[in-house]
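Let me begin by presenting the structure, written as structure tokens, before commenting on it.
Readers should treat all values here as calculations from the given coordinates under stated rules, not as data from a laboratory. Nothing here was measured: the structure is a model prediction, and the numbers come from that model. Every residue, glycine as well, gets a Cβ built from its backbone with ideal geometry; the counts of neighbours run over all protein chains shown.
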Amino acid sequence: MKISTKSRYGVRLLLEMASRYQQGPVHLADVAARQGISLKYLEQIIIPLKKANYVNSVRGPKGGHILARPPEEITVGEIVALLEEGETLLECSTRPEACERAGLCLTRDLWRGAAKALFDHLYSITLADLLQKGQPAVMTEGENHVFPHSHGSL
């Protein structure tokens, strides 16, 4: 199973905002440059995050985006579930009508249990937890922190 880049980048975007929580808005262009992510892709990712009230926009010359809630109150599970549009590994595990073999399938419960285990873990980790485990706690003006972004990381 692979978590999409949308979720991985969404977590990294919110981590950037969490690292500056209560220090002012974060500019997507700055995040894109620091993270090596396309600005256009971040602009797409931020839309559902704003609609779900994880992020607020601030207009004006010193505008940008800020977390709508403290980092201690936002879990990785929430972000991934939102950006992946659910908590499933396979569509058929929650929607039997999506598969003609659902009534005969011996592995449906296996995939449902695996998804539950994954999301239980992701819901147990907040943005604040990730920051405390070695991420920069704060970024000052002009600092250029790069969060890990290998294929195996969030």
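Observations, loosely collected:
- Pairs of Cα atoms nearer than 8 Å and 6+ residues apart set the relative contact order; for segment 5-132 it is 29 percent.
- Measuring r between the beta carbons of Ala114 and Lys62 and using R0 = 30 Å, the FRET efficiency lands at 0.10.
- 5 Å binning of all Cα-Cα separations within segment 53-113, expressed as whole percents from 0 upward: 4, 15, 16, 14, 11, 10, 9, 8, 6, 4, 2, 1
- Unpartnered cysteines - no second Cys beta carbon under 4.7 Å - across the chain: Cys105
- Taken along its principal axes, the alpha carbon cloud of the chain reaches lengths of 59, 30, 26 Å, longest axis first.
- Summing charges over all other residues whose Cβ lies under 15 Å from the Cβ of Pro71, with Lys and Arg as +1 and Asp and Glu as -1, gives -1.
- With the simple model of a label 7 Å out from the Cα in the direction of the Cβ, Ala33 to Asp129 spans 3.3 nm.
- Taking the C-alpha atoms only, the angle from helix 39-51 to the longest principal axis of the chain is near 70 degrees.
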